[in-house]
1. Once both labels are modelled 7 Å past Cα along the beta-carbon direction, what's the Asp138-Lys308 spacing in nm?
2. Take the Cα coordinates of region 130-201, assign each an equal point scatterer, and use the Debye formula without solvent to give log10 I(q)/I(0) at q = 0.12, 0.18, 0.21 Å⁻¹.
3. Mind checking the full-extension length gain between Ile146 and His63? Use 0.36 nm per residue of separation minus the Cα-Cα distance, one decimal, nm.
4. Compute the FRET efficiency between Glu194 and Met301 as 1/(1 + (r/R0)^6), taking r as their Cβ-Cβ distance and R0 = 30 Å, and round to the nearest 0.05.
5. Highest mean first, how do 107-117, 197-207 rank when packing is the count of other Cβ atoms within 10 Å averaged over residues?
6. Rank the residues Trp295, Trp211, Trp180 as a footprinting-exposure proxy: fewest other Cβ atoms within 10 Å of their Cβ go first.
7. What is the calculated FRET efficiency for Ser77 to Lys185, with r their C-beta to C-beta distance and R₀ = 25 Å, to the nearest 0.05?
8. Neighbouring Cβ atoms within 10 Å as the yardstick, rank Asp266, Asp50, Asp138 fewest first.
Amino acid sequence: MWVPNLTLSSIRATLAQKKLMKWDREDIPPMKLALLSLGSLPPLDCNNRDGCEGFHDHSTSEHKCGRPLGLEFDENSGDLYIADAYLGLLVVGPNGGLATQVAKFAQGVPFGFTNSLCIDQNHGVLYFTDSRRLMKYDMKNRQVSILLKNLKFPNGIAISKHGDFLLFVETTTCKIFKLWLKTSKAGSVEVVSELPGFPDNIKRNKNGEFWVGVNSRRSKLLDWVLSKNWIKNNLVKIPFDITKAHSFLANNGFGGGSLAIRLSEDGHVVEILEDPKRKRWKFLSEVHEMNGNLWIGSVKMPFAIKEKVTTLEKFLDTNNEL
């Protein structure tokens, strides 16, 4: 899901149907949504798309139909960049239509479960993650470079308000990391927060703070499983969405519910929110803040929820790092 800033006019969401949905205004009901189709790409078999059309479960055909996970607009060109788990880094023009591939490899190694992205709008640089790496795509010269590797399922990624660092999450370790891009610390990495659950995406608000969607809370069983290095190391080598595994375990009583976590501009936890009814927030994937509201997406459920920040129950409210 991607919620635009106030100068843009629509909301686009990634759904399990492998389509990109456009919502222009809140007063238009869902049946009026426009579709941006995600097409096949030259390196794939363009004629082998049977079963990819229509609104139904594509989970068994993701390898050919695609699974868009990350979205962001290039505000200069209007192009929409897409991180697709199976098809790599894609782009679709301002008017929608067929997405085209811009990158699938880094230093000769194919992307493994391309996951999330963010754009440095001032310098034409896109940062993105796959199952073990954090990479950079230069939109001008169309080159991909690897910034970090051997990570443990890096997932959501966001750039700071001033472009001096990136924050990214590791889902399996429940940690937030900071990669410095500027200053004397450029190139260094540090842990800035440890979370009470398994994070998915991270998004910056207009104030420079960040929101993290926590798919499910940690449990003693999950902590024990992921404390075993041989399990954790093998999990991150498998090209699948590890948040699905966490969702499955949470759905079967091995973990708690979802959370929305607000971070300071430096990346430290300052507030943790939970569903006031403890019913609607299921398997959260990301949280966007706009005009005093939170737009909440799910990795599993076919919905986007709008919540007023002032009505949400605070699980934690602190100015101190956890």
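1. 4.9 nm
2. Once normalised to I(0) and log-transformed, intensities are -0.32, -0.71, -0.94.
3. Length gained, Ile146 through His63: 27.5 nm.
4. 0.65
5. Per-residue Cβ counts within 10 Å, averaged per peptide and sorted highest first, yield 197-207, 107-117.
6. Final ranking by Cβ density, sparse to dense: Trp180, Trp295, Trp211.
7. Rounded to the nearest 0.05, the efficiency is 0.20.
8. The fewest-first ordering by Cβ neighbours comes to Asp50, Asp138, Asp266.
Throughout, read-outs are computed from the coordinates displayed, never taken from laboratory work. These figures come from a predicted structure and were not determined experimentally. Neighbour counts run over all protein chains shown; Cβ positions are idealised from the backbone, glycine included.
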